[in-house]
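Encoded as structure tokens, the structure appears first; notes follow it.
The values are calculated or read from the model by the stated rules, or taken from the named source; none is laboratory data. Small disclaimer: the values here were computed from a predicted structure and weren't measured. In this analysis, Cβ positions are derived from the backbone assuming ideal geometry, glycine residues included, and neighbour counts consider all displayed protein chains. Just so you know, the surface numbers come from the protein's heavy atoms only, side chains and all, with ligands and any DNA or RNA stripped out. Shrake-Rupley method; radii C 1.70, N 1.55, O 1.52, S 1.80 Å.
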Amino acid sequence: MKAIVDCNCFYAACERLFQPSLHGKPVVVLSNNDGCIVSRSDEAKALGIKMAGPYYQHKKEIEENNIAVFSSNYYLYGDMSWRVMETLRRHSPHVEVYSVDESFLDLTGIAENKLLEYSFFLKQTTEMWTGIPVSIGVAPTKVLSKVANKLAKKDKAGTKGVMILHTPEQQKKALQNIAIEEIWGVGSASAKKLRMHNINTGWDLRNMGAGWARKNLGGVVGVRLIKELRGESCIEMKTALETKKIIGTSRMFGKPVYELKEIKEAVATYVTRVAEKLRRQKSAATTITVFLVTNNYSNAYEYKPARSSLYSILLFATSATNLLIAHAMPLVEGLYKEGNKYIKAGVIVNDIVPEDAIQFNLFAKVVHSNEKVLMETIDNINFGIRNDLLKFASLGTKTGWNMRQDKKSQLYTTRWEELVNVR
Ligand SMILES: [Mg+2]
């Protein structure tokens with residue numbers, strides 16, 4: 001049997017954990033640059049606040065309903081996520097971290113009649129150790145465990161946040177109660193198509209044949225999905241945390257920018273963020289792309305902006321900020337044209353490899369391990385004390401290139417000055 005452990009309203013839960021006065025109150029968390037709503041507490045959902053709605057459109061109802069609003073605080077969520085996953089790792093030899101707030105667990109070895117008890121034990125332990133509420137779905141396959149989890153979340157009062165789909169009867173009942181759109185792996189386009197075939201629930205889909213799935217549901221993927229719904233496991237557990245294949249940072253400028261020097265500072269700042277992300281997942285990149293977006297029309301919203309980009313392939317993969325900046329600056333110079341009105345810039349790295357698998361190039365200058373020590377030192381100081389306390393001179397002295405986070409909470413668990421004070 002497999003379990004999926006999913007944190008409830010994860011970002012909102014992290015914020016609420018450190019502001020206990022918000023328990024039972026509506027909370028929302030915004031995406032980068034305070035753009036859209038990306039996490040809602042149950043109370044906010046009950047007030048009709050929609051997922052992914054633009055913040056400015058909902059500002060009025062948010063204020064009227066006295067909903068607490070937070071900018072996203074990814075360091076805090078990352079650290080809380082790590083705590084949840086570590087707790088799970090203590091209790092299962094095989095944990096696959098699926099996303100920041102979800103993990104699959106292999107429950108092989110737990111007796112069938114102990115599954116419920118064990119799941120409640122996991123839930124209580126995680127909540128006690130981390131303060132983050134979770135829901136657990138247990139079933140013979142990943143797809144069914146996701147179904148169980150969805151249903152457990154929907155009926156928190158009835159299930160107490162845990163659902164086991166062990167017997168065929170339990171599976172049938174669950175699949176009859178779940179809409180096709182809610183099945184893991186069914187996108188909105190496929191769901192529309194399925195509904196046209198009069199396939200409306202998980203149970204309807206489960207009863208379709210393999211030949212039909214191959215033809216109508218994306219070939220092998222569709223066949224696998226139906227097998228999984230029937231309790232035949234074909235999506236295996238992965239061990240290692242999959243690292244991102246592409247990492248990028250880009251921002252709209254607060255106002256149009258014309259000077260090369262300023263654009264270089266912005267790009268150097270984004271390179272710094274990208275390099276930090278690379279180091280955090282213990283990887284290095286071989287290709288770096290810089291793009292600039294111009295809009296020379298007086299009304300910036302009337303015409304499609306023009307985007308131009310250049311990339312550079314490195315002799316060896318790196319995550320060192322200084323090396324990546326050194327590669328990015330000539331790209332900016334190559335792209336820049338005097339007189340253009342720049343409204344956005346971005347940096348993307350790809351061809352990402354694990355840090356410990358870097359192939360050194362015979363023709364490249366030997367990299368000194370000093371670079372690694374330097375980066376670790378910088379990261380420790382910046383994460384532990386203040387962002388950009390130590391930075392490269394090419395970032396300039398302005399600080400406006402980072403994202404807008406007007407309502408960001410403290411770094412309660414990772415920064416000395418902001419630690420929670422327990423009296
Ligand atoms: Mg979740």
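Annotations for the structure displayed:
- Residues of the stretch 135-151 satisfying the condition of being within 14 Å of the ligand (Cβ to nearest atom) and not in a helix (DSSP H, G or I): Ser135, Ile136, Gly137
- Among residues of the stretch 322-347, those that are at pLDDT below 95 and β-branched (Val, Ile, Thr), counted: 1
- Verdict on Trp203 being free of Cβ contacts under 8 Å to residues at least 24 places away in the same chain and in a helix (DSSP H, G or I): no
- Complete set of residues in the stretch 141-155 that are in contact with a strand residue (DSSP E or B) (Cβ under 8 Å, 6 or more places away or on another chain) and open to solvent by 30 Å² or more (accessible area, probe 1.4 Å): Lys146, Lys150, Lys153
- Ser72 satisfies every condition listed in (1) part of a loop (DSSP other than H, G, I, E, B); (2) away from the ligand (no atom under 16 Å from the Cβ); (3) open to solvent by less than 50 Å² (accessible area, probe 1.4 Å) except (2).
- Contacts under 6 angstrom Cβ, first residue in the stretch 1-13 being over 15 Å from Pro133 (Cβ atoms) and touching a residue at least 60 places away in the same chain (Cβ under 8 Å), partner among the aliphatic types (A, V, I, L, M) and more than 9 Å from the ligand (Cβ to nearest atom), 6 or more apart: Met1/Leu107; Met1/Val138; Ala3/Leu105; Ala3/Leu107; Ala3/Ile136; Ala3/Val138
- Of the candidates Ser233, Ser190, the single residue that is among the hydroxyl-bearing types (Ser, Thr, Tyr), out of contact with any Ser or Thr (no Cβ under 9 Å at 6 or more places or on another chain) and buried (at least 16 other Cβ atoms within 10 Å of the Cβ) is Ser190.
- With respect to the conditions (1) touching a Lys or Arg at 6+ places or on another chain (Cβ under 9 Å); (2) more than 30 Å from Ser92 (Cα to Cα); (3) at pLDDT 85 or above, Leu310 falls short on a single one, namely (1).
- Enumeration of residues in the stretch 90-105 that are in contact with an Asp or Glu (Cβ under 8 Å, 6 or more places away or on another chain) and open to solvent by 40 Å² or more (accessible area, probe 1.4 Å): Pro93, His94
- Residue count for the stretch 212-249 satisfying the condition of being modelled with pLDDT of 90 or more and under 24 Å from Arg89 (Cβ atoms): 1.
- Neighbours by Cβ (under 6 Å, 6+ apart or cross-chain): first from the stretch 90-116, within 17 Å of Asp6 (Cβ to Cβ) and away from the ligand (no atom under 16 Å from the Cβ); second assigned to a helix (DSSP H, G or I) and among the hydroxyl-bearing types (Ser, Thr, Tyr): none
- Entry remark, the stretch 15-57: residues being buried (at least 22 other Cβ atoms within 10 Å of the Cβ) and either more than 29 Å from Thr141 (Cα to Cα) or away from the ligand (no atom under 16 Å from the Cβ) (or both) number 8 in total.
- Only residues that are in contact with a helix residue (DSSP H, G or I) (Cβ under 7 Å, 6 or more places away or on another chain) and open to solvent by less than 30 Å² (accessible area, probe 1.4 Å) were counted across the stretch 108-130, and they come to 4.
- All of Glu302, Glu376 fail the test of being acidic (Asp, Glu), modelled with pLDDT under 90, closer than 24 Å to Tyr74 by Cβ and open to solvent by 70 Å² or more (accessible area, probe 1.4 Å), apart from Glu376.
- Leading residue by the ranking (nearest to the ligand (Cβ to nearest atom)) among those in the stretch 1-14 that are farther than 17 Å from Ile67 by Cα and open to solvent by 10 Å² or more (accessible area, probe 1.4 Å): Asp6
- Lone qualifier among Lys261, Lys238 - being open to solvent by 90 Å² or more (accessible area, probe 1.4 Å), within 24 Å of the chain's Cα centre (by Cα) and touching a residue at least 12 places away in the same chain (Cβ under 8 Å): Lys238
- Filtered by the rule that a residue be within 16 Å of the ligand (Cβ to nearest atom) and open to solvent by less than 40 Å² (accessible area, probe 1.4 Å), the stretch 77-89 gives Tyr77, Gly78, Met80, Ser81, Val84, Met85, Thr87, Leu88.
- Index of the failed condition, Gln176 passing every other in (1) surrounded by 21 or more Cβ atoms within 10 Å (Cβ to Cβ); (2) touching a Gly at 6+ places or on another chain (Cβ under 8 Å): (1)
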